[in-house]
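The values are calculated or read from the model by the stated rules, or taken from the named source; none is laboratory data. The model shown is predicted, which means the values in this text are computed figures rather than measured ones. Cβ placement follows ideal geometry from the backbone for every residue including glycine, while neighbour counts extend to all protein chains displayed. Keep in mind that these areas ignore ligands, DNA and RNA; they rest on the heavy atoms of the full protein, side chains included. Shrake-Rupley method; radii C 1.70, N 1.55, O 1.52, S 1.80 Å.
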Amino acid sequence: MFKIYKIIIFLIIITLTFPANAHVQHYEKLNRIEFDIYRNNKLIGKHIFSFNRQNEQLEVQSEINFKIKKLGVVLYKYHVKGTEVYKNGKLIKFNSKTNQN
């Protein structure tokens, strides 16, 4: 568990210290992308992206939701909902909430 927190903190530090250009132009014609999440060949959840466009801004909403069960008992539950806002291909706003277990 501590290792996950170290990875998340590392990613946040890297993201905040270096400017980055996102390649969101190839999503221009998409409104939604949906992925199934599998573990040991069993469907355990979904990852969904929704795209909303207004003027020169692109809003990407992302939601991840999965549960790991063993013998009908939920051992691990994970839910993330995030929003990214891009203007002219550059990330200008990011917000995310995570709930695990």
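Worth a mention:
- Under the condition of being of a type in the set (A, V, I, L, M) and touching a Ser or Thr at 6+ places or on another chain (Cβ under 7 Å), the residues counted in region 71-101 number 1.
- Test: T83 is at pLDDT 95 or above and of a type outside the set (K, R): yes
- Among residues of region 54-89 being within 29 Å of N101 (Cβ to Cβ) and of a type in the set (K, R), the one that is surrounded by the fewest Cβ atoms within 10 Å (Cβ to Cβ) is K70.
- Every pair of residues 6+ apart whose Cβ atoms lie under 8 Å, when the first sits in region 29-40 and is acidic (D, E) while the second is open to solvent by less than 90 Å² (accessible area, probe 1.4 Å) and modelled with pLDDT of 90 or more: E34/K46; E34/H47; E34/I48; E34/F49; D36/G45; D36/K46
- Pairing residues of region 87-100 that are closer than 20 Å to L58 by Cβ with residues that are polar (S, T, N, Q) and loosely packed, with under 12 Cβ neighbours inside 10 Å, at Cβ distances under 7 Å and at least 6 apart in sequence or on separate chains, gives G89/N21; G89/Q25; K90/N21.
- Scan of region 31-53 for residues that are loosely packed, with under 15 Cβ neighbours inside 10 Å, in contact with a strand residue (DSSP E or B) (Cβ under 9 Å, 6 or more places away or on another chain) and polar (S, T, N, Q), ordered by number: N31, N52
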